[in-house]
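Let me begin by presenting the structure, written as structure tokens, before commenting on it.
The values are calculated or read from the model by the stated rules, or taken from the named source; none is laboratory data. Since this is a predicted model, take the numbers as computed values, not measurements. With ideal geometry, Cβ positions are generated from the backbone for all residues, glycine too; neighbour counts draw on all protein chains shown.
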Amino acid sequence: MAEFTGSALVFSFIGSAGTATLTGDHRTASITTSVGLAKATAGSDAWDSNLTTVKSWSASWSGVMQSNGTAIEDCVAEGILGTVTIGPEGTAAGHRKYTGACYAMGAKPGWPYDNAVEFSVEFTGNGALTRTNY
């Protein structure tokens with residue numbers, strides 16, 4: 001099994017306020033998918049039964065904030081609808097690519113006293129998350 005580190009990550013958000021290319025200054029990024037369940041247990045069933053309902057997804061990114069980085073912060077302001085594209089291993093042919101329409105939930109900056117300033121942002125899916133390859 002091939003192993004890789006996250007240093008080649010490509011992460012962008014294109015919305016009505018512009019394009020936020022979040023590659024290079026990242027610390028962490030993730031995608032979470034889930035599916036709803038409806039109880040199907042009835043009568044004399046001895047075990048729980050479930051039916052799947054609708055799927056959902058979200059993504060998150062955190063990294064180092066650059067000085068005068070207001071353009072990127074404005075691109076991911078809360079409520080902006082756009083498209084996230086994530087390439088965990090970069091953009092080489094055959095590598096995984098995730099794409100989906102989503103809402104940015106706003107930048108969350110933090111200003112530690114004696115350390116690098118970081119910010120994070122969450123994205124909430126608005127429709128399907130597409131899994132393809134570059």
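Residues of segment 22-36 that are outside any strand (DSSP E or B) and within 15 Å of residue 104 (Cβ to Cβ): 22 alone.
Against the definition (of a type in the set (Gly, Ala, Ser), touching a strand residue (DSSP E or B) at 6+ places or on another chain (Cβ under 9 Å) and exposed (fewer than 15 other Cβ atoms within 10 Å of the Cβ)), how does residue 12 come out, yes or no? So residue 12 does not fit the description; no. The single residue among 28, 70, 33 that is among the polar types (S, T, N, Q), exposed (fewer than 15 other Cβ atoms within 10 Å of the Cβ) and modelled with pLDDT of 95 or more turns out to be 33.
Of all residues in segment 101-127, those that are in contact (Cβ under 8 Å) with a residue 60 or more places away in the chain and more than 13 Å from the chain's Cα centre (by Cα) total 1. Entry remark, segment 37-59: residues being of a type outside the set (D, E, K, R) and either at pLDDT below 95 or assigned to a loop (DSSP other than H, G, I, E, B) (or both) number 8 in total. Just one residue in the set 70, 19, 23 is more than 12 Å from residue 121 (Cβ to Cβ), touching a residue at least 24 places away in the same chain (Cβ under 8 Å) and polar (S, T, N, Q); that residue is 19.
Looking at this structure, is residue 77 within 21 Å of residue 117 (Cβ to Cβ), assigned to a loop (DSSP other than H, G, I, E, B) and touching a residue at least 40 places away in the same chain (Cβ under 8 Å)? For residue 77, the condition - within 21 Å of residue 117 (Cβ to Cβ), assigned to a loop (DSSP other than H, G, I, E, B) and touching a residue at least 40 places away in the same chain (Cβ under 8 Å) - is met. Name the residue that is nearest to residue 65 (Cα to Cα), counting only residues in segment 97-134 that are charged (D, E, K, R) and modelled with pLDDT of 95 or more. Top of the filtered list is 122.
The single condition among (1) at negative phi; (2) in a loop (DSSP other than H, G, I, E, B) that residue 90 does not meet is (1). Regarding residue 122, is this residue in a loop (DSSP other than H, G, I, E, B), among the acidic types (Asp, Glu) and touching a Gly at 6+ places or on another chain (Cβ under 9 Å)? Spelling it out, it is not the case that residue 122 is in a loop (DSSP other than H, G, I, E, B), among the acidic types (Asp, Glu) and touching a Gly at 6+ places or on another chain (Cβ under 9 Å).
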